[in-house]
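Please treat every number below as a calculation from the coordinates, not as lab data. The structure displayed is predicted, hence computed values, not measured ones. Glycine also receives a Cβ, built like all others from the backbone with ideal geometry; neighbour counts cover every protein chain displayed.
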Amino acid sequence: MSFEPLKGIRVLDLTSVVVGPVCTWRLGQYGAEIVKVEGPEGDLMRGLGGISPTGQHSGAYLHFNRGKRNIGLDLKKDGAREALARLIASADVIVANMRPQALERLGIDAATVRARHPDKIYCLITGYGTDGPYAGLPTYDSVVQGATGMAGLMLARDGAPAYVPMLICDHVAGEIAAGSILAALTQRQVSGAGCTIEVPMFETMAAFVLQEHLAQHSFDPPVGPPGDLRLLSPHNKPVRTADGWISFTINTDPQVRAFLSVTGRHDLLDDPRFNSVAARAKHVAQWFEIRGAPLTQRTTAEWLKLLRDADIAVQPCHTLDTLPHDPHLEAVGLIDYEQHPTEGRTAAIRASIRVDDQYLPRRSPAQPRGSDTRDLLQEIGYSSQEIQALLGSESVQVG
């Protein structure tokens, strides 16, 4: 049996780049119909996400926009704005990540839309909440990483700030937005009413950082410095082996004793600084220096076997070249290949969620801009003559 709890729900996707497309991609995984609106210039991620054979679909764009229908609208033109109004009327959910000022100029902000359609669920994903001094400022993932102290965590650990080299804030905020929309849809089933949702990236990620790293400053007065001192240790990194790197974590007393035994540090087994969780927390700097020391006397494969045999959580530290060939990922078929209509043979990453022993369907490849324009216009009531007139005025574009 297929798992499509959102089948019959139409989501109008007024988003671009990563945070919004991640949100609507997830809703599409659950069976929602996603209608992506793109202007004449197209989603920036079509080119920003890397090189592609045609220049139309970067690898990142392909992966974030699977399973979406696509309509090309030039919202500077009256005809396109009328078509968008009809699409809004046909949708259950509207997701936007444009700046609030731009949405207001176009008359597609939450207040305007829900005044006309109180049953709609409108989700705005913003850089910053709309009720603070940063409201309306432009932002990107790296700026949020800096503003939330994420890059500053690297400063505390390594002596220099650094970004996580992936769009982690976009991914997290997008997934949280999808979850909030699911909750709103559940509420609407009971009440019949829609709602307005706002998911600010800055506050969302700041809360994540503070939940972990407010730490000793969670108490008034503080009982120590802020930060989880284990995570901020300069030795909290993958460990070098004779031919590569491994990643492991040891938290419990049995794990620690097993690790010290396997690595030949029997002299530390009864060291009072390290023989309990409380002792290691008190002597965290010294403990992480020991557990982060290089293990160059054996190869990665040898350490993996020894540590796994000791029931310690350990894996190789992959690179971008080696990750796709991880034996577990290959065995479960995370990456497959398909024929894209314009890009040729492309990688397709399947859903990671499994329901009743079946992974969620991969859904159709990301489409060229405007590929569904004609069909969607017909579905919202335009005649063939009216569609031709819209095409002639360049209000709409077809792929």
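Which translational diffusion coefficient, to the nearest whole µm²/s, is obtained for the range 236-382 from the Stokes-Einstein equation, given a Kirkwood hydrodynamic radius over C-alpha pairs, 25 °C and 0.890 mPa s?
Diffusion coefficient, whole number: 126 µm²/s.
Under 27 Å Cα-Cα from Lys305, which lysines qualify once same-chain neighbours fewer than 8 residues away are excluded?
Within the straight-line limit of under 27 Å, Lys305 reaches these lysines: Lys237.
Suppose every Lys and Arg Cβ carries +1 and every Asp and Glu Cβ carries -1, with no other charges. What dipole size does the chain come out with about its Cα centre, to the nearest 20 debye?
Its charge dipole is roughly 60 debye.
From Cα pairs below 8 angstrom and at least 6 apart in sequence, can you work out the relative contact order of the chain, rounded to a whole percent?
Reported as a whole number, the value is 19 percent.
Among His63, Gly50, Ser16, which residue has its Cα positioned farthest towards the positive end of the charge dipole of the range 9-154, with +1 placed on the Cβ of Lys and Arg, -1 on the Cβ of Asp and Glu, and the dipole taken about the Cα centre?
With unit charges placed on the Cβ atoms, the residue in question is His63.
Consider a paramagnetic label point 7 Å from the Cα of Arg350 along Cα→Cβ; state which residues of the range 318-339 have an amide N under 11 Å from it.
The answer is 330-337, whose backbone nitrogens lie closer than 11 Å to the label point.
Report P(r) for the range 239-316: all Cα-Cα distances, bin width 5 Å, range 0 to the bin holding the largest distance, values in whole percent.
Percent of pairs per bin, in order: 3, 16, 28, 27, 16, 8, 2.
With +1 assigned to the C-beta of every Lys and Arg and -1 to the C-beta of every Asp and Glu, and no other charges, what is the dipole magnitude of the range 64-206 about the Cα centre in debye, to the nearest 20?
500
Using a simple charge model, +1 on the beta-carbon of Lys and Arg, -1 on the beta-carbon of Asp and Glu, nothing else, what dipole does the range 249-347 show about its Cα centre, in debye to the nearest 20?
Dipole magnitude for the range 249-347 comes out near 500 debye.
Between the range 156-220 and the range 1-32, how many Å separate their Cα centres?
That distance is 19 Å.
State, to one decimal in nm, how far the label point of Thr299 lies from the label point of Glu175, with both points 7 Å from Cα in the Cβ direction.
Between Thr299 and Glu175, the label points sit 3.4 nm apart.
Using Cα-Cα distances under 8 Å and only pairs 6 or more residues apart, what relative contact order does the range 49-171 have, in percent?
The normalised contact order for the range 49-171 reaches 14 percent.
Exposure proxy check: Met45, Met166 ranked by fewest other beta carbons within 10 Å?
Met166, Met45
Per DSSP H run of at least 4 residues, take -39500 (n - 2.57); add these up for the chain, divide by its residues and hand me the 222 nm value, nearest 500 deg cm²/dmol.
So the calculated ellipticity at 222 nm is -11000 deg cm²/dmol.
When the Karplus curve 6.51 cos²θ - 1.76 cosθ + 1.60 is applied with θ = phi - 60°, which whole-Hz ³J(HN,Hα) does each residue of the range 135-146 get, with x for Gly and Pro?
Working through the residues one at a time gives 3, x, 6, x, 7, 9, 3, 5, 5, 5, 4, x Hz.
Taking a ≥ b ≥ c as the square roots of the Cα gyration tensor eigenvalues, with a/c under 1.5 meaning rounded and otherwise prolate when a/b beats b/c, else oblate, which class fits the range 313-369?
oblate
List, in order, the whole-Hz ³J(HN,Hα) value for each residue of the range 279-284 obtained from phi through the Karplus relation with A = 6.51, B = -1.76, C = 1.60 and θ = phi - 60°; use x for Gly and Pro.
Coupling constants for the range 279-284: 5, 5, 5, 6, 10, 4 Hz.
Order these peptides, 57-70, 139-152, by their mean beta-carbon neighbour count within 10 angstrom, highest first.
57-70, 139-152
Just to compare against my own numbers: the Cα pair-distance distribution for the range 1-126, 5 Å bins, whole % per bin, please.
All Cα pairs considered, the percentages come to 2, 11, 21, 23, 20, 13, 7, 2, 1.
Can you tell me the order of 339-351, 270-282 when each peptide is scored by its average per-residue count of other Cβ atoms within 10 angstrom, highest first?
Packing proxy ranking, top to bottom: 339-351, 270-282.
Quick one: which of 195-208, 237-250 comes out on top by average Cβ neighbours within 10 Å, and what's the full order, highest first?
The packing order, highest mean first, is 195-208, 237-250.
Rank Pro138, Pro161, Pro222 by mean-square fluctuation in a GNM of the chain with C-alpha springs under 10 angstrom and give only the top-ranked residue.
The residue that fluctuates most here is Pro222.
Express the Stokes-Einstein translational diffusion coefficient of the chain in µm² s⁻¹, to the nearest whole number, given a Kirkwood radius over alpha-carbon pairs, 20 °C and a viscosity of 1.002 mPa s.
D, rounded to a whole number, is 89 µm²/s.
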